[in-house]
Amino acid sequence: MKRRQSVPFRSNQSNCGVALVTLVLIACGPDGARHEDRSSPRSQFDSEMGTLVIENSAPLWRLGEEWQVDTVPTVAIGAVSGGHGPDLMRVGDIVPLSDGRIVVQNSGTSELLLYDSSGMFLQAVGRPGRGPGELSGMLRLFRCGGDTLLVTEANAISVFSPSGHFVRSHRVSWSPGYDRHEIGGVAADCSIGLTVYREPRAPGTSVYYHRYVFSRESGTRAKSNIGSFAGPDLVPLSGPWAINPVPQPFGREDLWTVTGDQMVIVPSDTAELRTWGDAGKLTRVVRWNARPEPVGEADRERFARESEEFLRLNPEEAPLFPPLEQLSPPTHKPLFSRVLADDEQTLWIREYPVSAAGRPWLRRPREGDPPEEWTVIDSTGRWLGVVRIPGGVEVKAIQARRILGIARDADDVEEVRVYRIIRE
């Protein structure tokens with residue numbers, strides 16, 4: 001995969017000297033040359049807005065210093081690897097627990113599957129149904145409050161203990177008048193969830209981020225509207241079958257995650273992340289350098305091939321997949337396509353993969369894909385550099401020392417894989 005070129009900041013000063021700047025450290029070598037301290041990005045606090053702005057001019061890691069990810073998984077779970085336990089069917093989230101156990105959201109059987117750190121099956125939790133502890137229609141699985149497990153469904157949340165025992169459930173009410181998205185993040189203490197609303201059927205409208213309080217006594221209630229943000233690039237389609245606009249191929253969107261009790265938003269077309277606190281206040285902006293790549297002929301051909309393959313399996317979707325020339329896509333590809341936070345609040349930002357073919361939301365990673373590159377920003381806002389992750393794996397969770405994901409073979413048989421991160 002071709003790595004994007006970093007564009008360093010340039011100074012108009014030619015001599016070494018002492019200058020008062022905002023948290024920038026410059027050292028002079030024996031030859032009088034200026035050497036930037038890569039570990040100290042430029043920072044400035046906006047007291048009026050209460051926002052810290054961090055500007056990274058170069059990655060901290062030099063060539064050969066990057067973290068490495070083993071190319072062979074240390075743990076493989078599923079029929080492909082000859083493992084024991086229930087078959088994996090429509091795996092959703094994969095959650096690592098503090099003692100090394102792994103919890104798999106097995107949506108196809110409406111169960112949570114628990115494994116030890118070596119991949120040995122331990123137990124299944126839940127079953128189809130609508131009663132207490134039953135999990136029909138699972139949407140997401142989260143870990144919070146230590147190793148408490150939260151399972152979200154369309155209108156309910158079920159809580160399980162670290163040992164897999166059902167604790168309680170409560171209903172979720174949603175704000176009327178918007179397209180509802182499921183809860184996408186949970187605060188570290190399990191008290192707050194984050195969800196997203198978008199005005200229906202309107203391309204390019206705002207996206208609204210809401211926080212909800214989870215209360216044992218009263219279920220859920222809306223706590224605050226963090227604010228509205230630019231929505232994704234959408235394409236309005238005409239005709240009686242066009243219920244909603246569809247995402248613009250190679251279009252812009254906001255990527256977001258939750259870390260601790262804060263929400264992080266990364267625009268897919270800008271090397272910048274913004275952190276929003278519990279009170280809906282912008283607390284930090286972190287910037288680094290990346291250069292977008294143009295949409296070339298190879299990208300257009302890949303888009304056509306992927307569309308043809310998708311429509312071969314889903315011919316009824318043809319009205320929603322017109323040829324690329326009818327959609328007026330951007331001239332340049334997005335920079336990023338996903339963001340995750342690990343257990344040290346380091347942010348991992350997936351660079352836009354060549355294999356995405358303009359639709360990263362549609363195409364899942366598959367065997368034979370090239371390695372993926374993820375930009376890494378640590379908890380202090382330092383731009384560390386890029387980590388390469390084996391291709392063909394849909395990353396579900398990242399810890400300080402391991403990456404957990406799902407791989408699928410040519411027959412769509414699923415396998416959970418765990419890769420070790422080498423940080424020496």
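Using only alpha-carbon positions in the range 284-424, the gyration tensor eigenvalues give semi-axes of 29, 20, 12 Å once each is multiplied by 5 and square-rooted (largest first).
Mind checking the dipole of the range 238-350: about its Cα centre, +1 per Lys or Arg Cβ, -1 per Asp or Glu Cβ, Debye to the nearest 20? Could the numbers behind the result be given before it?
Values: 13 positive and 19 negative charges, 78 e Å.
Charge dipole, the range 238-350, about its Cα centre: 380 debye, nearest 20.
By a 1.4 Å probe calculation restricted to protein chains, Tyr208 has an accessible surface near 40 Å², given to the nearest 10. Estimated from the Cβ-Cβ distance and a Förster radius of 60 angstrom, the FRET efficiency linking Gln44 and Leu122 is about 0.75. Estimated at the nearest 10 Å², the accessible area of Ser47 is 100 Å² with a 1.4 Å probe.
Share of carbon and sulfur in the accessible area of the range 68-165 stands at 52%, probe radius 1.4 Å.
Say R0 is 45 Å: what FRET efficiency, to the nearest 0.05, do Ala154 and Leu311 get from their beta-carbon distance? Mind showing how you got there, number by number?
Numbers: r = 29 Å, r/R0 = 0.63.
It comes out at approximately 0.95.
Model label points for Ala298 and Asp261, set 7 angstrom from Cα along the Cα-to-Cβ axis, are 4.8 nm apart. Maximal additional length on extending the Leu52-Arg130 stretch stands at 23.5 nm, based on 0.36 nm per residue less the C-alpha distance. Site pair Arg62 and Thr380 shows an inter-label distance of 1.9 nm when each label is modelled 7 Å from Cα along Cα→Cβ. Scalar couplings 3J(HN,Hα) for the range 71-77, obtained by applying the Karplus form with A = 6.51, B = -1.76, C = 1.60 to θ = phi - 60°, are 7, 10, x, 7, 9, 9, 10 Hz; x denotes Gly and Pro.
Let me know the volume per residue of the alpha-carbon convex hull for the range 277-348, in Å³.
Values: hull volume 14.3 nm³, N = 72.
Per residue, the Cα convex hull of the range 277-348 comes to 199 Å³.
On the range 298-373, 50 percent of the accessible area sits on carbon and sulfur atoms, based on a 1.4 Å probe.
Shown is the FRET efficiency for Asp411 and Val213, computed with R0 = 45 Å from the Cβ-Cβ distance and rounded to the nearest 0.05: 0.55.
The values are calculated or read from the model by the stated rules, or taken from the named source; none is laboratory data. Everything numeric here is computed off the predicted structure, so don't read it as measured data. FYI the Cβ positions are ideal-geometry reconstructions off the backbone, even for glycines, and counts take in every protein chain you see. The protein model used for the area step is the full one, side chains on, heavy atoms only, and it has no ligands, DNA or RNA in it. Shrake-Rupley method; radii C 1.70, N 1.55, O 1.52, S 1.80 Å.
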